[in-house]
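S.K.: First the structure, then my questions, so here it is.
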Amino acid sequence: MTGYRRALAATSAAVLAPAALAATLLVTTPAPAQAARAGLTDEITMTLRKDGTLHVTEKLSGATGALRRTFLTRTRHDDADDRLYQVSNVKGGKLSGDVLTVTAPATVEYDVKGTVTPAGDVQEMRWFAVNGWSVPVAKATVKVAGPSLVQSLSCFAGELTSAVGCTSAAMDHTGTQADFEQENLAPGQALTVVVAYPKGASAGAPILDRRFSLASAFALNTVTGGALAALLVLLLGGVGLLYWTRGRDARVVAHEKDHDTGVPVQNGHFSPPDGVRPGQIGTLVDEQADVVDVTATIVDLAVRGFLRIDEQPRQAYDAPDWMLVRLPAGHPAALLPYERALYDAIFEGRDAVLLSQLSGSFASHLGEVRDALYADVVRQGWFARRPDAERTKWTMAGVALIGVGVLATVALAWFTSYGLLGLALIIAGGALAVGGPYMPAKTARGSAALAHTLAFREYLFSGDLGEVPETHRVELFSRYLPYAVIFDGVEHWSRIVASVTGNGHEADNLYWYHGPAEWDLSKFAGSMRTFTTTTSGAISATRQFRTL
């Protein structure tokens, strides 16, 4: 019997020992682990103030340690706008951006703006009482008090877009407080409460942020429409200004041309209208110092006895070439500044140079020729300011305005709906940049000189050369040739020059143009055409002159 009792006692001890151990472990298990399994308990009290601010107090229990909550502060309002919720004045936790960090258990307070919105005859307060917690919420209770009687209430639980109601929703017997309850929310899920109050109960209003879209960024409204109308007036004013400056030139030119009776031949000698040289004419006509002006000046220097052009002999497949020879009879001091700059650039201390050698060697001097030509037309009183500087000023102003317009368009389109205002600046800048080349305007004196020049061109190509003595024809018609280069009449006038003497016989030469052996004046027109083309090519091949 005693052995049986001992065996029973041993068996009982073996059975009860694990149970006792389990009980001991259960008693000694830390409370936080139990709380973590149970989930967070969130007791929320919300008060809507008269100014529309929602004051929230949350009492957090059932869990310990660091907890995070990510507030939902932006939702879709309509097709064009997002709705914003502004959280501030946080106590009991730390808010960084939209993330609230607290150490549970804790009591947290904060204010929210933007929860109230008009809805017909009432205004609704909507807030995500629970959302964005990093741990499950085992139970949440919400009490909402407001500035007036509750008109209606509703709640939604689960995912943010859920239409499932919460566990319970009711109002107290006084109708001034709404109560909500929800259990078992997973991390990230939300409890949204909506309480309606009479219209005007608070001064709250939704905070809207327009969502970016091309349609809204470039919306046509009163402001943008007015700006576009102002732009139209500006452009029309700019066109009117251009018409006034250019039209004024045209009127003066027409008047002077109708009354021009000057003949450039007096007693068999050539006298250009207003003493204008070929290079000056080219700059006066198109307001640019370009390649043809320099080519015509080289021919003019030869005709006037400062240099001679010697065509070089060549074989069938050789490229044509010419020797420019300095003549001692010419006095460089008599040259105009731009002519002297060109003369020095050609010879550079030497007495002769092949045209082919000039290609690329003008780079250091052509800037001086260009500047001298522009300075000359100002010194003559034909322009108040240098045409190139005037063009550059307006063109660069247009480019700068385009740059400002691009930056303004991006900024306005991104942050507002006034993107069209930036486009208006771009259009205005483009118009200014395109109109820059037309901005130089001639003075009355310049317009008169242009009128006399155009009358001379008509005389030159009229075919009526008058009674010119035989002895003066070579020099006289040669003096016309540089102007024919400017007026794009080299072929026609070269034939006239070749016809006045020599009559096709061999060994005929001009005093300023010499051909190789077995060359005669019947070939002068072709030689001259090739010379002007080759000279322009040699000059334009230099890097700096491309800016002219």
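S.K.: State in Å² the accessible area per residue of segment 55-161; use a 1.4 Å probe, count heavy atoms of protein chains only, and round to the nearest integer. Show your work: numbers first, answer last.
M.R.: Working: 4890 Å² over 107 residues.
For segment 55-161, the per-residue accessible area is 46 Å².
S.K.: For a quick check of your reading of the filter: which GluC sites (Glu not before Pro) in segment 139-190 sit in a DSSP loop and have no more than 14 other Cβ atoms within 10 Å?
M.R.: Here the GluC sites (Glu not before Pro) that fit, given the DSSP loop and packing criteria, are 159.
S.K.: Order 113, 50, 442 by their accessible area, 1.4 angstrom probe, all chains in place, largest first.
M.R.: The residues order as 50, 113, 442, largest area first.
S.K.: Just to verify a number: FRET efficiency for residue 475 and residue 359, C-beta to C-beta distance, R0 = 35 Å, to 0.05?
M.R.: For R0 = 35 Å, the calculated efficiency reads 0.65.
S.K.: First compute the accessible area of segment 49-203 with a 1.4 Å probe, then give the percent of it belonging to carbon and sulfur atoms. Let's see the in-between values first.
M.R.: Working: 3590 of 7160 Å².
Result for segment 49-203: 50 percent of the exposed heavy-atom area is carbon or sulfur.
S.K.: Kirkwood hydrodynamic radius (Cα pairs, Å) of segment 279-318?
M.R.: When all Cα pairs of segment 279-318 are included, the Kirkwood radius is 11.9 Å.
S.K.: Rank these by accessible area, largest first, 1.4 Å probe: 311, 109, 287.
M.R.: The ranking, largest first, comes out as 109, 311, 287.
S.K.: In Å and from the alpha-carbon atoms only, list the Rg and Dmax of segment 272-350.
M.R.: Using the Cα atoms of segment 272-350, the pair Rg, Dmax is 14.2, 45 Å.
S.K.: State which entries of 94/199; 94/139; 91/143; 143/199; 91/199 exceed 29 angstrom in Cα-Cα distance in the structure shown. Each step should come with its number before you reach the end.
M.R.: Working: 94/199 35 Å; 94/139 23 Å; 91/143 19 Å; 143/199 21 Å; 91/199 31 Å.
94/199; 91/199, as the Cα separations exceed 29 Å there.
S.K.: Would you rank 304, 68 by solvent-accessible area, highest first, keeping every protein chain in place and using a 1.4 Å probe?
M.R.: The ordering from most to least exposed comes out as 68, 304.
The values are calculated or read from the model by the stated rules, or taken from the named source; none is laboratory data. Everything numeric in this text was worked out from a predicted model, so none of it was measured. Cβ coordinates were reconstructed from backbone atoms using ideal geometry, including for glycine residues, and neighbour counts include every protein chain displayed. Surface areas here come from the heavy atoms of the whole protein model, side chains and all, with no ligands, DNA or RNA. Shrake-Rupley method; radii C 1.70, N 1.55, O 1.52, S 1.80 Å.
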